[in-house]
Amino acid sequence: MDKSEKVAILSMIMNFSIFGMKYLAADVSDSIALKAEAFHSFADFIAAITVLAGVKIANRKTKAFPYGLYKVENVMSILISLVIFYSGYEIVMEIISNNQEELQNSFIAIVSLLISIILTFAFSKYEMKIGKEINSPILIADAAHIRMDVLSNVIVLAAIISSMLGYPLDKAAAIVIVCFIIKIGFQILRDGLKVLLDASLDYETLSKVEKIIITMPQVIGVKSLTGRNSGKFKFIETSILIKTHNLDKAHYIADRIETLVKEQVENIDRILIHYEPIRKEQVIYALPLTDDQTMLNEHFGEALSFLFVTFAAGCNVAKKVEIVENPFVTIEKGKGILVAEFLAQKAVDFIVVKNGFHSKGPEYVFANSNIEVIVTDKESPAHIFEERKLQLKQEESL
């Protein structure tokens, strides 16, 4: 039994107990308002049964409903919003119809109402906390409904006390409270309808998901990103461009994105990722240079600068040659990983080095960014590219 079911059962027990207490107090006090409030509590008991049914049904998945019956919660929350509207109407009718001039055993009625106010207020706070904790729309709606019961209890209490003192001031207060009740009811009704009509997830959630996706160095862009609610759960669909032609690699990237999103965004039931490998129009090589910028540096992280050579796809003559300074050369620790991440951000496709990596950090960054490491025994950049049947521009060759 999960938290939502436990809360629903507690709501049933509490509402039935309050109904019994109010009914007995109304019987001995001859209070019409209290008797009406007792039946109001009985209606809350019926609503609590509805909440429990909604929670249990919503958690089921069947062959006919492979995406689950999560929206049952939203249907139930809409029904509860209608109960809230009726509660507002009921409060007005209680005050209007309560023309009794003298009550019997009014102290018993007041005590029963005070106990009811304390219990319903405490339970509504507890249910609201659990509802927000597990993102359950039906518990949040029921908590709002129960909080309205606190107000209705206060109205009846005020009616009893004011009638004892000869100052009937309940009608004006009832109008203010009914306006507040209608506002809460419309809010719950609106939220429920938005989910049933598959309205988009809020901007903050979609923005957070997009930021998670683009942190992956292999992702070139996000073509589309949509999402919807279903009960307390979220369904997300995205189409991304990734820098790889390896299907296993692409599948790994999609799985990694799904894991990160589910870790950082609550109540994700499913995320569907369409990935499209892109064909690059150019290929970039990076080579660590010696201090005089003429030879290949044996120490990858210590290089003062890197030679970037860009080739158009399918062309063996470089279209662009430039030297880029190493921004992390003065860092004492972890510079290898920082430089590797820097090259990944520059969309490098190949890194040429004289020695394999002693540290696994840069190697992991390159593998994760789909950058191929080329180990060579050649000294000069010109010879390195000549070995690969590639040419630097004549005027810019080293």
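Any read-out appearing in this document is the output of simple, stated calculations on the displayed coordinates, not a laboratory observation. If you're wondering where the values come from, they're calculated on a predicted model, not measured in any experiment. Because the Cβ atoms are built from the backbone with ideal geometry, glycine has one as well, and the counts that use them run over all protein chains shown.
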Report summary line: Charge tally for neighbours of residue 248 with beta carbon under 13 Å away, counting Lys, Arg as +1 and Asp, Glu as -1, is +1
Query raised in the report: Which GluC sites (Glu not before Pro) in the range 311-398 pass both tests, a DSSP loop state and at most 14 other beta-carbon atoms within 10 Å?
Result: 332, 379
Query raised in the report: Within the set 234/346; 132/249; 333/354, which residue pairs have Cα atoms separated by over 32 Å?
Result: 234/346; 132/249
Report summary line: Ranked on Cβ counts within 10 Å of their own Cβ, fewest leading, 275, 203 go 203, 275
Query raised in the report: What percent do you get for the relative contact order of the range 203-277 when only Cα pairs under 8 Å and 6+ apart count?
Result: 34 percent
Requested in this report: Hey, could you grab the Kirkwood Rh for the range 282-396? Inverse mean 1/r over distinct alpha carbon pairs, Å, one decimal.
Outcome: 14.1 Å
Query raised in the report: Hey, can you rank 149-158, 118-127 by average C-beta count inside 10 Å, highest first?
Result: 149-158, 118-127
Requested in this report: Rounded, prolate or oblate: pick one for the range 203-277, where a ≥ b ≥ c are the square roots of the eigenvalues of its C-alpha gyration tensor, a/c under 1.5 means rounded, and failing that, prolate if a/b is larger than b/c, else oblate.
Outcome: prolate
Report task. Quickly work out the residue 105-to-residue 182 label distance, labels modelled 7 Å from Cα along the C-beta direction, and quote it in nm with one decimal. Result -> 3.8 nm
